[in-house]
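Here is the structure we will look at.
The values are calculated or read from the model by the stated rules, or taken from the named source; none is laboratory data. Keep in mind that this is a model prediction, so the values were computed, not measured. Don't worry about glycine lacking a Cβ; one is built from the backbone with ideal geometry, like all the others, and counts go over all protein chains shown.
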Amino acid sequence: MKKAKKEIVGDGGLGVSEAEKVDIMKAMNFSQGHWYKCPNGHIYAIGECGGAMQESKCNECGAKIGGHSHSLNATNSVATEMDGSRHGAYTLAQDPNNFDPRDWMGDH
Ligand SMILES: [Zn+2]
């Protein structure tokens, strides 16, 4: 039996359901603002504070991802479609009016 390939990133579509995204984020203890995209639209996540602290390579295409000192590589962008956030978590953390994690992590 052929096993379906399961991955977060995909071909334009996200490849994960809404419920799966929540599961992933809960499992990783992520709130909003930790999801980013490589220059080719592949989604990846940054842990810790959500700020880009080191550069890495996209698993899918090898493009440069991440950044330095909380500054995201200019070719990358926030993956708004993953969690609805428009800014990285680090930015959000600087603006408490922007986002209340309790709204998002509450019981559904
Ligand atoms: Zn990529």
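Given the condition at pLDDT 70 or above, out of contact with any strand residue (DSSP E or B) (no Cβ under 8 Å at 6 or more places or on another chain) and away from the ligand (no atom under 16 Å from the Cβ), answer yes or no: does some residue in the range 34-44 qualify? No; the residues of the range 34-44 include none that is at pLDDT 70 or above, out of contact with any strand residue (DSSP E or B) (no Cβ under 8 Å at 6 or more places or on another chain) and away from the ligand (no atom under 16 Å from the Cβ). When residue 88 is tested against (1) surrounded by fewer than 20 Cβ atoms within 10 Å (Cβ to Cβ); (2) modelled with pLDDT under 85, only condition (1) is not met.
Please verify whether residue 51 is part of a loop (DSSP other than H, G, I, E, B) and in contact with a helix residue (DSSP H, G or I) (Cβ under 6 Å, 6 or more places away or on another chain), treating the condition exactly as stated. Yes, satisfied. Just one of the listed residues (66, 62) is at pLDDT 70 or above, within 13 Å of the ligand (Cβ to nearest atom), at positive phi and loosely packed, with under 12 Cβ neighbours inside 10 Å, and it is 62.
Pairing residues of the range 60-89 that are closer than 15 Å to residue 43 by Cβ and in contact (Cβ under 8 Å) with a residue 12 or more places away in the chain with residues that are in a loop (DSSP other than H, G, I, E, B) and of a type in the set (Lys, Arg), at Cβ distances under 9 Å and at least 6 apart in sequence or on separate chains, gives 78/86.
Is it the case, given these coordinates, that residue 83 is at pLDDT below 90 and surrounded by 12 or more Cβ atoms within 10 Å (Cβ to Cβ)? For residue 83, the condition - at pLDDT below 90 and surrounded by 12 or more Cβ atoms within 10 Å (Cβ to Cβ) - is met.
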